[in-house]
Amino acid sequence: QVQLVESGGGLVQAGGSLRLSCAASGLAFSQYAMGWFRQAPGKERDLVAAISRLSVNTYYTDSVKGRFTISRDNAKNTVNLQMNSLKPEDTAVYYCAASLLSLRTTTDYDVWGQGTQVTVSS
């Protein structure tokens with residue numbers, strides 16, 4: 001059974017930090033590009049950060065550059081998102097996803113976790 005399970009969400013004050021983790025099972029993890037998406041109420045689900053299979057390439061949406069860092073451990077089948085200097089506009093449900101194809105093409109991601117809530121208070 002293919003599964004992605006996120007953890008690490010919660011409530012934090014503006015300027016604070018959170019570290020999201022995603023544990024993968026039932027798939028050849030090292031063959032997948034991994035991404036973190038987020039969806040705020042009333043908005044579309046957007047790609048926030050992504051990392052290639054061997055961590056050679058990464059992608060960050062402009063609004064999180066310099067604040068968020070994506071990393072992965074293929075030996076542990078995990079991908080993390082370190083989020084620093086959090087802002088209220090970072091509030092959203094964050095999803096971990098896997099893609100066998102492109103790193104940046106949203107529609108290529110076809111394995112999804114259930115999501116974890118991140119709330120940043122002002």
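What do you get for trypsin sites (Lys or Arg not before Pro) in region 40-95 restricted to DSSP loop and a cutoff of at most 13 other Cβ within 10 Å of the site's Cβ? Numbers along the way, then the final one.
Numbers: sites: K43, R45, R53, K65, R67, R72, K76; in loops: K43, R45, R53, K65, R67, K76.
Here the trypsin sites (Lys or Arg not before Pro) that fit, given the DSSP loop and packing criteria, are K43, K65, K76.
Which values, in whole Å and largest first, are the semi-axes of the equivalent ellipsoid of region 71-116 obtained as the square root of 5 times each eigenvalue of the Cα gyration tensor? Before the final figure, lay out the partial values.
Working: eigenvalues 87, 46, 22 Å².
Each semi-axis is √(5λ); the values are 21, 15, 10 Å.
Within the chain, what percent of beta bridges assigned by DSSP are antiparallel, to the nearest 5?
Values: 38 of 42 bridges.
The antiparallel proportion sits near 90 percent.
What are the ³J(HN,Hα) values, in whole Hz, obtained from phi via the Karplus relation 6.51 cos²θ - 1.76 cosθ + 1.60 with θ = phi - 60°, for each residue of region 12-18 in sequence order, with x given for Gly and Pro?
9, 7, 3, x, x, 10, 9
Give, as a single signed number, the net charge of other residues whose beta carbon lies under 14 Å from the beta carbon of L4, with Lys and Arg counted +1 and Asp and Glu -1. Mind dumping the intermediate values first?
Working: positive: R72, K76; negative: E6, D110.
Net of charged neighbours comes to 0.
Give me Rg/Rg_expected for region 20-61, where Rg uses Cα atoms only and Rg_expected = 2.2 N^0.38 Å with N residues.
On the way: Rg = 12.0 Å, N = 42, 2.2 N^0.38 = 9.1 Å.
Against the empirical 2.2 N^0.38 Å value, I get 1.31 for region 20-61.
Please compute the contact order of the chain in relative form: average sequence separation of alpha-carbon pairs under 8 Å and at least six residues apart, divided by the residue count, as a percent. Please list the in-between numbers first.
On the way: 309 pairs, mean separation 43.1, N = 122.
Answer for the chain is 35 percent.
What part of the accessible area of region 8-122, given as a whole %, is carbon or sulfur when the probe is 1.4 angstrom? Each step should come with its number before you reach the end.
Details: 2690 of 5690 Å².
On region 8-122, the fraction of accessible area on carbon and sulfur atoms equals 47 percent.
Count the net charge of all other residues whose Cβ sits under 9 Å from the Cβ of V93, scoring Lys and Arg as +1 and Asp and Glu as -1. All intermediate terms of the calculation are to be shown ahead of the outcome.
Numbers: positive: R38, R45; negative: none.
Computed value for this residue: +2.
Using only the Cα atoms of the chain, each taken as one equal point scatterer with no solvent, compute I(q) by the Debye sum, divide by I(0), and report log10 of the ratio at q = 0.13, 0.15, 0.17, 0.22 Å⁻¹.
Those come out to -0.44, -0.59, -0.76, -1.28, one per q.
With every protein chain present, what is the per residue accessible area of region 1-113 (1.4 Å probe, Å²)? Don't skip to the end; give the middle numbers.
On the way: 5720 Å² over 113 residues.
For region 1-113, the per-residue accessible area is 51 Å².
Find out how many positive minus negative residues lie around F29, taking Lys and Arg as positive, Asp and Glu as negative, among other residues whose Cβ is under 11 Å from that of F29. The partial results should precede the final answer.
Values: positive: R53, R72, K76; negative: D73.
Here the count lands on +2.
The values are calculated or read from the model by the stated rules, or taken from the named source; none is laboratory data. Small disclaimer: the values here were computed from a predicted structure and weren't measured. Positions of Cβ are backbone-derived with ideal geometry, glycine not excepted, and every protein chain shown enters the neighbour counts. Please note that ligands, DNA and RNA were not included when accessible areas were found on the heavy atoms of the full protein model with its side chains. Shrake-Rupley method; radii C 1.70, N 1.55, O 1.52, S 1.80 Å.
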